[in-house]
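Trainee: Input: one structure, supplied below.
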Amino acid sequence: MDWVGWIERWGEPSVLAVCGLLAGLGFGFFAQRSRFCLRAAVIEFWHGKFGDKLTVWLLSFGAAVMGVQLLIILGDLDVSTARQLSARGSMSGALIGGLIFGAGMVMTRGCASRLLVLSANGNLRALLSGLVFAVTAQASLGGALSPLRGVISSWWVVDGGPSRSLLAQLGAGPWDGLVMAFVWLITALFFAYYSGWSFWKWAGGLGTGLMVALAWWLSYKVMANSFEPVQIQGLTFSGPSADWLMRVLAEPGEPWSFGLGLMPGVFLGSFIGATVGGDLKLEGFNGAYTMPRYIIGAIFMGFGSMLAGGCAVGAGMTGGAIFAVTAWVTLGGMWVGGGIADRLLDRPGKTAQEAPTSPVAVASSTAP
């Protein structure tokens, strides 16, 4: 592949944007076909069952970690300069942000990536939530919520380098990471096999995870062959959502980037997947009672993702695949925060006879 020739002809920003578009196309398509969703996986986990949603997530996560660690072992990927490992990070931001994000994704019935995937299928609830998420993310990055984010992030800071690598802290390496990924993958494949999955569940679950590895590899190739400084990066949706918001609202002129190519790629990939599967359907709110829940949840996710340094995919999958300590803390916070929110808001322990029959409960229970 003539990376140098492409970069010389089109420039780093354009090549990065195309790479983001390609990775996004694959992620959007596979995530739509497999119904990949961290929120649904978290709920299944806290309900005490190993169902399809949890299996799909574990299959995708195992494939992402295995793909990334295998590329590192083969010498075709170096993530040491990734911001999740090289820059200073915040453990307090990772934990609190993960908890807040986890609660928000339960309220909106999906994480940031899931909202984008559903928007391409015609879900207007997801579209509105995604817009609120983007506005809040931008406000948290450099707007009204930025001071609060800075204060929380300063409570517990960890330096970049080995102290931000979970493998380094454990005295392990990429081979150990590969073994861990293999165990998770085999576990997911076991449950998938006995669930009688269709082809698209298998292909979609594996493909979603492999797109995480592909994104790391593509941006690394641009960085390795570039004459200008280029930041290696992977799949994430919080920063690119804020970037796209400002690109629409501000005067044109900002250069293209990996994230700016990623967002339309995911949207288009999901649209193609929904067309193939016959899932295109225009959906709105079932009643006025559900709208506050979605809006508040989107605000939680926007602030939580910027506080934690990534969303469910950006921190949980992308950062988790390179074993960034803060990413794993964020991921754990999302699982705990999502479980608490599910317990408090949807009260799964109640029976149908005990459950409230108010319009709020009815609208909430019917929302995807």
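Trainee: Among the numbered criteria (1) open to solvent by 30 Å² or more (accessible area, probe 1.4 Å); (2) within 17 Å of residue 128 (Cβ to Cβ); (3) of a type in the set (Phe, Trp, Tyr), which one does residue 328 miss?
Mentor: Every condition holds for residue 328 apart from (2).
Trainee: I'd like the full set of residues that are of a type in the set (Ser, Thr, Tyr) and open to solvent by less than 10 Å² (accessible area, probe 1.4 Å), limited to segment 104-128.
Mentor: Let us first name the residues in segment 104-128 that are of a type in the set (Ser, Thr, Tyr), namely 108, 113, 119.
The answer is 108, 113.
Trainee: Filter segment 149-171 down to the residues that are farther than 16 Å from residue 327 by Cβ and under 23 Å from the mean Cα position of the chain (by Cα), then identify the one that is most open to solvent (accessible area, probe 1.4 Å).
Mentor: It comes out as 149.
Trainee: If you don't mind, there's one more thing I want to ask. Can you find a residue in segment 23-33 that is out of contact with any strand residue (DSSP E or B) (no Cβ under 9 Å at 6 or more places or on another chain) and either surrounded by fewer than 18 Cβ atoms within 10 Å (Cβ to Cβ) or outside any helix (DSSP H, G or I) (or both)? Can you show your working first?
Mentor: Let us first name the residues in segment 23-33 that are out of contact with any strand residue (DSSP E or B) (no Cβ under 9 Å at 6 or more places or on another chain), namely 23-33.
Pick out the ones that are also either surrounded by fewer than 18 Cβ atoms within 10 Å (Cβ to Cβ) or outside any helix (DSSP H, G or I) (or both) and you get none.
No: segment 23-33 contains no residue that is out of contact with any strand residue (DSSP E or B) (no Cβ under 9 Å at 6 or more places or on another chain) and either surrounded by fewer than 18 Cβ atoms within 10 Å (Cβ to Cβ) or outside any helix (DSSP H, G or I) (or both).
Trainee: Return the residues of segment 146-163 that are at pLDDT 90 or above and either aliphatic (A, V, I, L, M) or not in a loop (DSSP other than H, G, I, E, B) (or both); say none if nothing qualifies.
Mentor: 146, 147, 148, 149, 150, 151, 152, 153, 157, 158, listed by residue number.
Trainee: Additional query: From the set of residues in segment 51-81 that are over 11 Å from residue 322 (Cα atoms) and among the acidic types (Asp, Glu), which is surrounded by the most Cβ atoms within 10 Å (Cβ to Cβ)?
Mentor: By that ranking, first place goes to 52.
Trainee: Any residue in segment 280-289 that is touching a Phe, Trp or Tyr at 6+ places or on another chain (Cβ under 9 Å), assigned to a helix (DSSP H, G or I) and of a type outside the set (Lys, Arg)? Outline the logic, then answer.
Mentor: Pass one, segment 280-289, residues touching a Phe, Trp or Tyr at 6+ places or on another chain (Cβ under 9 Å): 280, 285.
Filter once more, so that each one left must be assigned to a helix (DSSP H, G or I): none.
No, segment 280-289 contains no residue that is touching a Phe, Trp or Tyr at 6+ places or on another chain (Cβ under 9 Å), assigned to a helix (DSSP H, G or I) and of a type outside the set (Lys, Arg).
Trainee: Still on this structure: Restricting attention to segment 184-243, which residues are over 26 Å from residue 257 (Cα atoms), in a loop (DSSP other than H, G, I, E, B) and open to solvent by 40 Å² or more (accessible area, probe 1.4 Å)?
Mentor: Residues satisfying the conditions are 195, 196, 198.
Trainee: Within the group 302, 316, 339, which residue is farther than 21 Å from residue 232 by Cβ, under 14 Å from the mean Cα position of the chain (by Cα) and outside any loop (DSSP other than H, G, I, E, B)? Step through it out loud before you land on a result.
Mentor: Working: 316 fails: farther than 21 Å from residue 232 by Cβ; 339 fails: under 14 Å from the mean Cα position of the chain (by Cα).
None of the others qualify; the one that does is 302.
Trainee: Next up: Exactly one condition in (1) modelled with pLDDT of 90 or more; (2) in a helix (DSSP H, G or I) is false for residue 36; which is it?
Mentor: The single condition residue 36 does not satisfy is (2).
Trainee: Kindly indicate which of 272, 296 is β-branched (Val, Ile, Thr), touching a residue at least 12 places away in the same chain (Cβ under 8 Å) and under 28 Å from residue 203 (Cβ atoms). Give the steps one after another, and end with the answer.
Mentor: Values: 296 fails: under 28 Å from residue 203 (Cβ atoms).
Within the list 272, 296, the selection yields 272.
The values are calculated or read from the model by the stated rules, or taken from the named source; none is laboratory data. Quick caveat: nothing in here was measured; it's all calculated off a predicted structure. Note that we place each Cβ from the backbone using ideal geometry, even for glycine, and neighbour counts take in every protein chain shown. The protein model used for the area step is the full one, side chains on, heavy atoms only, and it has no ligands, DNA or RNA in it. Shrake-Rupley method; radii C 1.70, N 1.55, O 1.52, S 1.80 Å.
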